[in-house]
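First comes the structure, then the notes that go with it.
The values are calculated or read from the model by the stated rules, or taken from the named source; none is laboratory data. Model, not experiment: these values are computed from the prediction. Cβ atoms come from the backbone with ideal geometry, glycine included; neighbour counts cover every protein chain shown.
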């Protein structure tokens, strides 16, 4: 605690060490934390009982949260012809083909989500080395490679989130802002948890949701009690 700021030390007093809180109470504690000059993002992190060394236990996907995440995301699309026009009409920030791929290869990464039509994957496969480590490479598993490109653009612009297990079997994603009402935060967190439950790998054994924690960008974590 010596390296923590005064604000953190003040806020951590609201959290009982080792205790898991019902969701209502966890959100209530989040709302008590000291306000900052910026609107902090609320993140939900989960430790899952999966073996990440086995491909059939890895999770990757996307989910549209009922209340959004509090900001519009910058979305680019790899498409040509009518699909490119549809993507532009739906609000895509950048649309292109080899030209857009070349821009990214040159170092441009100022976007949040990359979407692609299935037929574009052969043309952009080399981008895996650049976008893969950042989690931005389009993939059918995450819903970012799709025929319904206009709908995907609208959903991701509105705050549809992606998730994937890391090397430790954890997943995490933004679920809103601290300025959200307690009710809206609860709805989003609950939706995210229920979605992760629904996509539990059949091969996973033992306790699946081992730990669930919510926190603001600069706040202590609050453990949630889940069944």
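Does residue 14 count as modelled with pLDDT under 95, surrounded by 13 or more Cβ atoms within 10 Å (Cβ to Cβ) and touching a strand residue (DSSP E or B) at 6+ places or on another chain (Cβ under 8 Å)? Against the criterion (modelled with pLDDT under 95, surrounded by 13 or more Cβ atoms within 10 Å (Cβ to Cβ) and touching a strand residue (DSSP E or B) at 6+ places or on another chain (Cβ under 8 Å)), residue 14 does not qualify.
Of the residues making up the stretch 75-113, those that are over 17 Å from residue 157 (Cβ atoms) and assigned to a strand (DSSP E or B) number 1. For the stretch 52-63, the criterion of a residue being in contact with a strand residue (DSSP E or B) (Cβ under 8 Å, 6 or more places away or on another chain), buried (at least 19 other Cβ atoms within 10 Å of the Cβ), assigned to a loop (DSSP other than H, G, I, E, B) and in contact (Cβ under 8 Å) with a residue 40 or more places away in the chain is satisfied by at least one position.
Would it be correct to say that residue 73 is touching a strand residue (DSSP E or B) at 6+ places or on another chain (Cβ under 7 Å) and either closer than 20 Å to residue 198 by Cα or without any contact (Cβ under 8 Å) to a residue 40 or more places away in the chain (or both)? Here the answer is no, as residue 73 does not meet what is asked.
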